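Single-structure report; data block below.
The values are calculated or read from the model by the stated rules, or taken from the named source; none is laboratory data. None of these values were measured; they are calculated from a predicted model. Cβ coordinates were reconstructed from backbone atoms using ideal geometry, including for glycine residues, and neighbour counts include every protein chain displayed. We work out accessible area using only protein heavy atoms, side chains counted, and drop any ligands, DNA or RNA first. Shrake-Rupley method; radii C 1.70, N 1.55, O 1.52, S 1.80 Å.
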Amino acid sequence: MTSVLDPQPTTAPEAADPMTPVPYRLERLRQDTRDTFTLELEPVAGPPLAYRAGQFTMLDAFGVGEVPISISGDPTRPGPLEHTIRDVGVVTHALVTAEEGAVLGVRGPFGTTWDVADGEGGDVVLVAGGIGLAPLRPALLELIGHRDRYGRVVLLYGARTPEDILFGDELRTWAVDHGVTVEVTVDNGQHAWRGKVGLVTHLVPRAGFDARNTLALVCGPEVMMRYAASALVDRGVPAGRVRLSMERSMKCGVGLCGHCQLRELFVCVDGPVLTYDRLAPLLTCREL
Ligand SMILES: Cc1cc2nc3c(=O)[nH]c(=O)nc-3n(C[C@H](O)[C@H](O)[C@H](O)COP(=O)(O)OP(=O)(O)OC[C@H]3O[C@@H](n4cnc5c(N)ncnc54)[C@H](O)[C@@H]3O)c2cc1C
Ligand code: FES
């Protein structure tokens, strides 16, 4: 029983420090393609991380470094924290070669979200390039979880080669079991590939959706996003209904260091998901 003489807390418990990594154990590592892996993480202690589609964490390979990685799991179901990572450099290599059972650090979740519910009652188009399908997967799983609330759901996905296609089994399930129109194209279609060859942006003009009543979500290399957003707007999707997930070099993830600055925006807190009407003047002009 508590006595009136017992010291009582005078303030609410402090929120966790967003700069301190929380230890997570690598429960499972799955190889998706030759250079891309999905990590399933569980907290060493405490509850699983609550997050929303589009958010990212800062993943820490202790002793090597920390990088921003989007969460690629299903935000509507409890389960391990998933990240799908392309092995491109020092830190990503350390993450994708970690042993199962290893402890990694997680900060976050950080950043803005896809807010897919804004598309309810209309069509939703997702345009993904390469590893960009991973940050879009939580949005797609959320759409599928409430499939009856949306009209057409269209996924346009471009990979470098057939061997680079991510989540191949899931692409079929999304199409067959959940009424998602999935169109895949590759840049280089040698071997037994019988599908489309060419840029994913070229799929936008002919895809079946009601442009005026569409929410569009785009993720991939910046130049691809710029052309995809422009093609969507040309089709008639309002620029404010086109959302892009931006990548910039990041250190703090919480708006303190300025590493991720894009003119007046800090991508870690104002983004990563931003609307095209806001981004269009800031995107660099490069040729495809
Ligand atoms: C919000 C956000 C979400 C991201 N989500 C994912 C994800 O889901 N999966 C994934 O694989 N990657 C994702 N990235 C990119 C990832 O953070 C970089 O690949 C990583 O920081 C590279 O670090 P490294 O030490 O392995 O490579 P480095 O040794 O630092 O660099 C290797 C190569 O990658 C390039 N590079 C480095 N950082 C970035 C960057 N931020 N964006 C683009 N190119 C970069 C370098 O120019 C160099 O060519 C995301 C980035 C951001 C900002
Ligand atoms: S990463 Fe430090 S301000 Fe965005």
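Rundown of residues vs (1) modelled with pLDDT under 95; (2) more than 11 Å from ligand 1 (Cβ to nearest atom); (3) outside any loop (DSSP other than H, G, I, E, B), yes/no style:
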| site | (1), (2), (3) |
| --- | --- |
| R25 | no, yes, yes |
| L29 | no, yes, yes |
| E40 | no, yes, yes |
| R52 | no, yes, no |
| D74 | no, yes, no |
| E82 | no, no, yes |
| I85 | no, no, yes |
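Considering only residues that are under 20 Å from S230 (Cβ atoms) and out of contact with any Lys or Arg (no Cβ under 9 Å at 6 or more places or on another chain), which ones fall in the range 255-276?
Taking the range 255-276 as the starting set, the residues that turn out to be under 20 Å from S230 (Cβ atoms) are 262-263, 265, 271-276.
R263, the sole residue that qualifies.
For G271, only one of the following conditions fails: (1) open to solvent by 20 Å² or more (accessible area, probe 1.4 Å); (2) within 13 Å of ligand 1 (Cβ to nearest atom); (3) in contact (Cβ under 8 Å) with a residue 60 or more places away in the chain. What is its number?
All conditions pass for G271, except number (1).
M250 versus (1) away from ligand 1 (no atom under 16 Å from the Cβ); (2) in contact with a His (Cβ under 7 Å, 6 or more places away or on another chain): which is the lone unmet condition?
(1)
Name the single residue that is farthest from ligand 2 (Cβ to nearest atom) among those in the range 229-288 being under 14 Å from V218 (Cβ atoms), among the small types (G, A, S) and touching a helix residue (DSSP H, G or I) at 6+ places or on another chain (Cβ under 6 Å).
Of everything passing the filter in the range 229-288, A231 is farthest from ligand 2 (Cβ to nearest atom).
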